[in-house]
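For reference, the structure is listed below as structure tokens.
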Amino acid sequence: MLRILVAAIIALAAFAVPAPWEGRAAQAQPAVPNPAIRLIAIELYTAGGSEWLRHRFEVTNRASIPAELFAAAPNLPPCGTNTRSARTWVDFFDAQGKRLYGFCAIGSPGDLDKIWFAVAKGTRPPATIYIEMHDRQTGSKYRSNLASTAFY
């Protein structure tokens, strides 16, 4: 008799408490592709009395990257004195994983055609690099392909 009573209580409880997914609209998160990068220019410029070679890259699939990744994020730690830095930061790395340079205030996916790193004139850049987009809100990281730093 006790077994029947316990089974009946369990059965009724299953109907009384909705499953966590019931009654809620699924909130699909936009898919974030890994960035695909390519070298678009090498430019000579002067800064601080020194000459530099800027290696400009673009994210070729930037139109597929959700804009909300680059919203101002004053609730997250600042980038230096910039208290409204972007939710997602973009960093350049050499093939061995050494950080070369980064951007913390990209305002939209469209700005991913203006990213770069520089080396002093006369210094050999790494042969290949990649970028990593770090979504600081979710902790997600999106790594690009390895891209050459030279035109062939």
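Since every read-out is calculated from the coordinates, none of them should be taken as a lab result. Because the structure is a prediction, the values reported are computed rather than measured. When we count neighbours, we look across all protein chains shown, and the Cβ atoms used for this are built from the backbone with ideal geometry, even at glycine.
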Between the modelled labels at LEU146 and ALA71 (7 Å from Cα along Cα→Cβ) the distance in nm is 3.7
In nanometres, the difference between 0.36 nm per residue of separation and the alpha-carbon distance of ALA95 and THR81 is 2.0 nm
Nearest-0.05 FRET efficiency for GLN137 and GLU51 at R0 = 35 Å, using Cβ-Cβ distance, is 0.35
To the nearest 20 debye, region 33-148 has a Cα-centred charge dipole, built from +1 on Lys and Arg Cβ and -1 on Asp and Glu Cβ, of 160
Rounded to the nearest whole number, the Stokes-Einstein translational diffusion coefficient of region 51-151 at 20 °C and 1.002 mPa s (Kirkwood radius, C-alpha pairs) in µm²/s is 151
